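Novice: Have a look at this one before I ask anything.
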Amino acid sequence: MAEDRGGVKLELENYSPQLRTVLKQAEVGIGDMIRVKMPGSTHQGILLPRPQIGGEADNILIKLDNGYNIGLKYGPSVQIEKLSGKRRLEAFPSHELEPRGDLPEISIVATGGTISSRLDYETGGVKWRMESGQIFYMAPEIQEIASVKNVTTPFLVGSENMSARHWKEMAAEVVRELNGGSEGVIVTHGTDVMHYSSAALSFMIRDLDRPVVFTGSQRSTDRGSTDASMNLICSAVVAGSSEVGEVTLVMHGSIEDTYCFIHRGTRVRKMHTSRRDAFRSINELPIGMVWPDGRIEVTGEHVHRGRGEVSLDDAFEEKIALLKFYPGMEPELVDFLVDRGYRGIMMEVTALGHLATDESQRNLIPSLERALQEGVVIAAAPQTLYGRTDPLVYSEGRKVWKLGVIYCGDMLPETAYVKLGWILGHDVDQVEAGRMMLKSYAGEISPTSDPRAFLT
């Protein structure tokens, strides 16, 4: 038995022969509403296809009314009953937002990621296929917060597949929307490298004085535990009503659906693979907090909202690398990058700024010296993420600093990598690049550290 859902073939095939026979006898197909009676419990939901790989073939997969999927072990004492009703598994409800003149106008730039995904029932994974109306269905509250002027989709990709080309497209789209009258822009994005993109737009959009809010979700939108709805609602509040006129990232502040943090786009990092509150501000406290009921509490320094014209400065040198130092690292890795014509190397250094510099065969000094002599710009940021580099404390750091390596203080390595590419895109020399790396353009570097910001 097979069901065709939007061009996707959904079959009973991956169930065990025994269970497949039972389902066919009950005239049950994929997408049918069923009741499963087990010793001591009864469950009701939509029959799902089994993924092609993984799991037990004797487990009955159903989607409950609350959005969660469960697997029920089939056995002789289990009864399966077909109920009325059928669901088109790949058809998600849609809700179009009507423009409202009494609310601030915002735009949404959708780029993909989990927030734009739903379950692929054939593989068990997720895929990026949602449309704007389906996203709004998850958060209809937005229509009471802001008037969505425009929704654009320059591309739909997983964030791990993004490059500088995508950053440029995003930045150009945001600039168009802001200069076209939008009072704020939400960028929906995959979470894996969202902090790279928020940093990139922080540098590429100049004279910014309105909110550009990155958001996403850790859980796919078909799951009962999805964080997409609250993240979207809180992002709409920040984009439409806050006084924060810069690039921010708004995601859950706790594992519960209570509030979101407002992080600066250059000071934030994903710190957990799957928690809903995975994003944390590093080396500074969040700019503020926002609740889904519309409350905003802004306590950190920020650019204040204005109405000026913004400009696009998307020059970017892609021949740059982010290189993490590790014990036993071979100097030939640096040589390889130089030989391949790389113009910049962002190094993650240990502690206050150390690399191997003794007389062993893994001494990096000769390779770094050669790279610098050939015009390569080399910068250093701490692997620890928290804290700041200071090359003058230990002799190993002094040796590297004297070569001309730029120490980036308390800047995040990923932010420093993006900043280095943006700077070198302007075709500057090593001296000017060093000056620009140590200048704050979007709050990415600071002269002092706030001790309260550690692991908060």
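Novice: Once a ≥ b ≥ c are taken as the square roots of the eigenvalues of the Cα gyration tensor of the stretch 105-312, is the result rounded (a/c under 1.5), prolate (a/b larger than b/c) or oblate (a/b not larger than b/c)?
Specialist: It is rounded, given that a/c, with a ≥ b ≥ c, falls under 1.5.
Novice: Same structure again: Sort all Cα-Cα distances of the stretch 210-263 into consecutive 5 angstrom bins from zero, then give the percent of pairs in each bin up to the one containing the longest distance.
Specialist: Values per bin, smallest distances first: 4, 23, 31, 22, 12, 6, 1.
Novice: Using the Karplus curve 6.51 cos²θ - 1.76 cosθ + 1.60 with θ = phi - 60°, what ³J(HN,Hα) values do you get for each residue of the stretch 381-391, in whole Hz, with x for Gly and Pro?
Specialist: For the stretch 381-391, the Karplus curve yields 9, x, 4, 5, 6, 7, x, 9, 6, 8, x Hz.
Novice: Let me make sure I get this right: for the stretch 140-222, a, b and c are the square roots of the gyration tensor eigenvalues over alpha carbons, sorted descending. Under 1.5 in a/c it's rounded, otherwise prolate if a/b > b/c, else oblate. Which is it? Numbers along the way, then the final one.
Specialist: Values: a/c = 1.81, a/b = 1.07, b/c = 1.70.
Judged from the Cα gyration tensor, the stretch 140-222 comes out oblate (a/c at least 1.5, b/c at or above a/b).
Novice: Using the Cα atoms of the chain to build a convex hull, what is its mean projected area in square nanometres? Walk me through the intermediate numbers first.
Specialist: Numbers: hull surface 102.4 nm².
Orientation-averaged projected area of the Cα hull: 25.6 nm².
Novice: Round to the nearest 0.05 the FRET efficiency obtained for Ser16 and Ser41 when R0 = 25 Å and r is the Cβ-Cβ distance.
Specialist: Plugging the Cβ-Cβ distance into 1/(1 + (r/R0)^6) gives 0.75.
Novice: While we're on this one: Can you give the FRET efficiency to the nearest 0.05 for Lys402 and Asp209, using r as the Cβ-Cβ distance and R₀ = 41 Å?
Specialist: Working: r = 41 Å, r/R0 = 1.00.
FRET efficiency, Lys402 to Asp209: 0.50.
Novice: Continuing with this model, one more query. Among the Cys residues of the chain, which have no other cysteine Cβ under 4.7 angstrom away?
Specialist: Cys with no partner Cβ under 4.7 Å: Cys408.
Novice: Once a ≥ b ≥ c are taken as the square roots of the eigenvalues of the Cα gyration tensor of the stretch 386-456, is the result rounded (a/c under 1.5), prolate (a/b larger than b/c) or oblate (a/b not larger than b/c)? Provide the component values of the computation, followed by the final result.
Specialist: Details: a/c = 2.38, a/b = 1.17, b/c = 2.04.
Since a/c reaches 1.5 but b/c is at least a/b, the shape of the stretch 386-456 is classed as oblate.
Novice: Starting from the alpha-carbon convex hull of the stretch 320-437, give the projected area averaged over all orientations, in nm². Working shown, then result.
Specialist: Numbers: hull surface 25.5 nm².
Result: 6.4 nm².
Novice: Follow-up question, since we're still on this one. So how do 431-441, 322-332 stack up, highest first, on mean other-Cβ count within 10 Å?
Specialist: Values: 431-441: 15.2, 322-332: 13.3.
Per-residue Cβ counts within 10 Å, averaged per peptide and sorted highest first, yield 431-441, 322-332.
Novice: Take every DSSP beta bridge with both residues inside the stretch 320-437 and express the antiparallel ones as a percent of the total, to the nearest 5.
Specialist: Values: 1 of 14 bridges.
Expressed as a percentage, antiparallel bridges in the stretch 320-437 total about 5.
Here, each number is a calculation from the coordinates, and none is a lab measurement. All values derive from a computational prediction rather than experimental measurement. Reconstructed Cβ throughout: ideal geometry from the backbone, glycine too, with neighbour counts over all protein chains shown.
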